[in-house]
Each structure stands twice: as C-alpha cells, then as structure tokens.
Amino acid sequence: MGMTIAQKIIQNHLVSGEMIPGHEIALRIDQTLTQDATGTMAYLEFETMGIDRVRTELSVAYIDHNTLQCGFENADDHRYIQTVAKKHGIRFSRPGNGICHQVHLERFGVPGKTLIGSDSHTPTGGGIGMLAFGAGGMDVAVAMGGGAYYITMPKMFKVNLTGKLRPFVTAKDVSLEILRILSVKGGVGAIIEWGGEGVKTLSVPERATITNMGTELGATTSIFPSDDITRDFLRAEGREADWSALASDPDAEYDRVIDIDLSTLEPLIACPHSPDNVKKVSELKGTKVDQVCIGSCTNSSLMDMLKVAALLKGRTIDPSVSLSISPGSKQVLSMLAASGALNDILASGARVLECACGPCIGMGFSPNSAGVSLRTFNRNFLGRSGTADAGVHLVSPETAVAAALTGYVTDPRLLGEMPAIEMPEAFKIDDSAVILPASPDEAKDVQVVRGPNIKPFPQSRAVGDAIEAPLTLKVGDNITTDHIMPAGAKILPYRSNIPHLSQFCFGVCDATFPERAKAAGESIVVGGGNYGQGSSREHAALVPMYLGVRAVIAKSFARIHVANLINAGILPLTFVNPDDYDALTQGDRLALRGIHAGMDSGTITLEDVTTGKSFPLACDFTERQKEMLKAGGLLAYTARH
C-alpha cells in the first residue's frame, strides 16, 4: 500500500510508536516558532529545563501579537524574548517584521520538514509542504531542548480538487466551503491532504490560506504537495535550494475523500460566531457593514494585498465604513510601496496598520457597539474582536473590498472585471529585522532581561488517587480558548503574569468564576462537545491550573487543548454517556476516586456527592500521559526523566 504525503514525512521523523491511527507516536522536530503572546511562557519553560542551546535545526521567536505598547508590559516581554533568544540560539524576528506564519512561509519554511509552533495556525506551513503543527508552549520548549513531539497518529483525509476558481472566488472561499462540509469538529483526529488537478491552479499563498484555515476544522494539520509551483515560490524567495518534490503515492489510501469542484464555488461568508456558520454572500446581500479588516496570517500575502490595491484603485471607501489593511510582513509592505500599490490603498481612505496580527486577536481596531465587521481573518468567536456585541463575519479580501466600497455585504462579482495579478519573479529580500543569536562562546556573557511583569512559572500538582471538589463552572458545546482565556489589548500584556491573568479566566462565560475558584481552593469544570476549540494558547490550561482546577469533564475535547491540560497536570475526562452531562448541576460536589486504577482500566467513576448519582467517565491515556499526570505535568515529568 502506498503512503500519503503526511505518512512519508512522519515515517522519516518517527522516534517511537507505530503509524497506526489512534496510537501515540513521537516525532523528531526540525523547526519551532513562537510568537510573543505565547512565547514568553514557552521560554520561561525552556529555561527551567537547564539546556544551554536549542537543539533544533532552526528556532525563530516572532513578535507579532502584543505590539500595542500602552504600558511597559509588552515592551518588557519583547526585551526578555530577544535576550533569551540571543542566549539560547534562537533567531529573533523584530516587531514590524511581520506575522509569524507569513514570514516563516517566506523565509524559513522547507518542504518535508517538521515544524511545531506555539500558535494554532502553524499549519500554515503545510501550504509549502511542511508537516506543521500548532502546539502548547511546553511542547515547543521540549522540542527546542531536543525532545520529541508526541501526538496520536491521525487518520488521513483527502480533499480532491478539480476545476479552477472563477474570478472573485478565492482560496478563502475554498476554506469556508470545507468548513461548511465538515464543521469545526469534522477534522478532529485527521490530517487533511489537498490534492487533485485543481491544486495546480493554486499558488503557494492560496494554499497557505487553506492550510491556515484547516485549524478551524479541528484538524491535526493540513498539507499540500510540494511541486513546481512550490519551487517557483521558493525560487522567488531566493531559496530554491530548499525545495524538494513531495507527493502521495498513487495507491495511497485515505479514511475519507471529499471532492470539491473549484469551478462551482461562489463567494462565501462565515456568520457570527463560528467559522463554520457559512452562507453564500448573496444570501446576506444588503446587510449594513460598519467595519472591514483585511490582513491576518490568513490573507495578508503580497498576492492578497495586490488584489486589494487593484480593486481599490481610483475608488473611495463608503463614508460609513472604517477599513483597516494589515500587510503580513515587511516584505509585503515594502513591495506594495515600491510598486505604487500602497498609494492606491491609502488614496481609498483605508487605514494601514503595522505588519502584525492586530485586530485579529483584539489588539486594536475593535468594532463599534453592535457593529457589523467583515474580516479576512480565521476566527469570529464571540468577543474576540474586543467588542462583546459585535457581529464579526469572515470573508475573502475581494468580498471585504466590495463591502468597504458599498457599505453593505456585496457580492464582489458586481465590482466589474477582476484585475490580472501576477506573482513577481523575485521577492524583495531583506532579513535585517531577523536578529541572529550569539555564538555559543558569546552566549555565556548574554544577560537575560526580565521586567517586573514577568512572573515565575506556576507550580502544578500531581494528580493523586482521589479528587473531591465542587463543580465551579458548567459550560456548553464549542467552548473556545477565547472563552477560557480571552485575548485582546487589555489582557494579552499579562500572558507572562499568570496571577494577574487569572482574574480574566472564563470572563466571557462567567466573570465570577475566578473569585469562586479561588474560594473553593480546588474545583472541577464540566463542558460540552469540542471543549477547548481554537487557539493553542496553553494559558487556557495554565490559568485554570493556577486557580485550582484539578479536572475537566467534557463530552469531547479539541486536540491541542487536551494535550495542554495534561501538560499542566489537569485531568481531562470524557462522558461515556454524553447524556450524563445533563444530570450535573453547577455547585454540586463531585468526587473522583481510584484515579490511578481507573487510568489503567480506561474508566473512572464520577460520584455526584450532592445527588448520590454515579457516572462512568472515559480516560484513554497513553502510558506517557499517565506518568505525566502523576508527576504533575510535562515539565515535572521531563525533569524526572
């Protein structure tokens, strides 16, 4: 039997385990990346390991999230990251150099290599043929130290593309179509490979948009072949030597095959508050729009920006609309300026923001009260924009421009003829904003600078044989990491200060939770299906751990979040009978006994002490995960071994 692209890369990087779906495997990691919202904690964790220098082929620290410096906190974090990177052999991408995924695709991505990043959209690298995973900061720290990355061997899905996209229909619409088909849970436990003749019609930036959005499917990662189109992109970046061909075998087998005819698609839009709430743009025709944001790691490439500039040229945005443009990298911005396209954008009345994540994570440019915002981003979770009652929609850059020009949701095909956009034969190369680390000899004298907002890593607790605690919070389905640990300009600066950050935990669901959890000392949280959907932010596990959460019981978990819970020493359990969720009431006192024996048998009994009822819970852990929980999490386990 032949192999898929992902299976070939896994086989070449397999440290331990068998390539059987559902079995735990360990992978050698070639590259890592971090960003500043999660990076500070990742490097604090790396320092606790006592390793002088990273042992990967390449590790890069990006500053792209917390760039709004309203106080000392973000600037202090940036200085800490820069000095710790210099000391330990990590490249440092300065603020303004660009969004981690866009810059990594341009300057560092290599087909066939493995990459993990402390950002859930790291699978963007799959657009260039990398096996790229989003992960928690602890997993990234361990990989930087030379340790393996552990995952459950995924199933293999294939999306077979035929035909060619029509004008004004884009890679973003392909992403929304697969979300419409699979939902935000449909990719859980699977790697999605994109293939078929239609792949040859998509550029690397378009492929990267699709693999970026694969995260919203809950997929382990997504990947495209590495072909002549990939080679042309790397040649334009001056990196043709990094290219190698990658393709699945003709007789490769897949657990599921989905067919999409690109020529049949039309402009799509994801409505509030989920990326899979997808409708045709034509169905929302005439909906008033207050704000439009173009950019983010999903749609901020040079190709995207040139299309936007061409559509805005000679036109002025509607007076009732505020439009922001965020180029994905310094390379993109400088080439826009050199070509004159930046002038076309500015002349339209758009506001050009810095090359950073910005509005995507609520870092500025929040909508007006109850405003309708169309964004080319990857997430539209409730409150993520920074405005609690805003209606955020996800669209392509072309649909975003149409709304900005008319003031209403408008089918972009009504704008006239699509201007022809050609990819350049060579990109402008300037890596001056990527600071190289000190040599091993020089590194001994480098002093790591820590500001007062950087607090020590909180201590986790080993999972004992019994837990008895109140059910302090019960939440529903599709609770995202934004619900658990919100982002935004007011909160992100405290990502290196867990005690302060804890006061915002579950703020979207119940602002009283932190106070109640502290008063309880220890507690249990109950959730519905797909608990922990969204970001890789380990703070959604670290902060509950700090607040005394000992176990989370849910109908099902998102992949990265359940790994982060185990890394933090929190026991994640699932209902054997999902209907048992309805029998539990917030405030009940719950008991878990015989935990260690239950880990071995695969079932632990939950007793509701308040009502006297009992329920079976599933705990399907690997031997390594059992030992991690008994040790008190990944760092304690790593230190022990």
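The numbers here are math on the coordinates, done by the rules we state, and not lab data. Please read all numbers here as calculations on a predicted model, not as lab measurements. Every residue, glycine as well, gets a Cβ built from its backbone with ideal geometry; the counts of neighbours run over all protein chains shown.
So the values come out like this:
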read-out: The chain: relative contact order as a whole-number percent, Cα under 8 Å and 6+ apart; value: 14 percent
read-out: ³J(HN,Hα), Karplus 6.51/-1.76/1.60, whole Hz, each residue of the range 494-501, x for Gly, Pro; value: 9, 5, 9, 10, 4, x, 6, 4
read-out: Over the chain: helical MRE at 222 nm, DSSP H runs n ≥ 4 each giving -39500 (n - 2.57), nearest 500; value: -8000 deg cm²/dmol
read-out: Over the range 57-108, volume per residue of the alpha carbon convex hull, in Å³; value: 62 Å³
read-out: Cα gyration tensor category, rounded, prolate or oblate, for the range 284-354 with a/c compared to 1.5; value: prolate
read-out: Greater than 28 Å apart at Cα, pairs in LYS330/LYS490; LYS172/LYS474; LYS86/LYS518; LYS185/LYS630; LYS444/LYS626; LYS280/LYS428; value: LYS172/LYS474; LYS86/LYS518; LYS185/LYS630; LYS444/LYS626; LYS280/LYS428
read-out: Packing-based exposure ordering (other Cβ within 10 Å, fewest first) of GLU24, GLU422; value: GLU422, GLU24
read-out: For the range 466-640: relative contact order, % (alpha-carbon pairs under 8 angstrom, 6 or more apart); value: 23 percent
read-out: Placed amide H near ASP119: partners under 5 Å, 5+ positions off or other chain; value: ALA135
read-out: Cβ-based net charge around PRO319, under 15 Å, with every Lys or Arg adding one and every Asp or Glu removing one; value: +1
read-out: The range 236-365: C-alpha gyration tensor shape, a/c 1.5 cut-off, then a/b vs b/c; value: oblate
read-out: Local electrostatic count, ASN577, Cβ distance below 13 Å [Lys/Arg +1, Asp/Glu -1]; value: -1
read-out: Proximal aspartates and glutamates to LYS313, defined as alpha-carbon separation beneath 20 angstrom and excluding residues fewer than eight positions away on the same chain; value: ASP304, ASP344, GLU398, ASP411, GLU417, GLU422
read-out: Rounded Å value of the spacing that divides the Cα centres of the range 296-346 and the range 522-554; value: 39 Å
read-out: 12 Å beta-carbon shell around GLY612, net charge (K/R +1, D/E -1); value: -1
read-out: Cα centroid separation - the range 595-637 against the range 218-282, whole Å; value: 38 Å
read-out: The range 5-264, relative contact order [Cα under 8 Å, separation at least 6], %; value: 22 percent
read-out: Under 5 Å, built H, 5+ apart or other chain: amide partners of LYS158; value: GLU193, ARG256, VAL257, ILE258
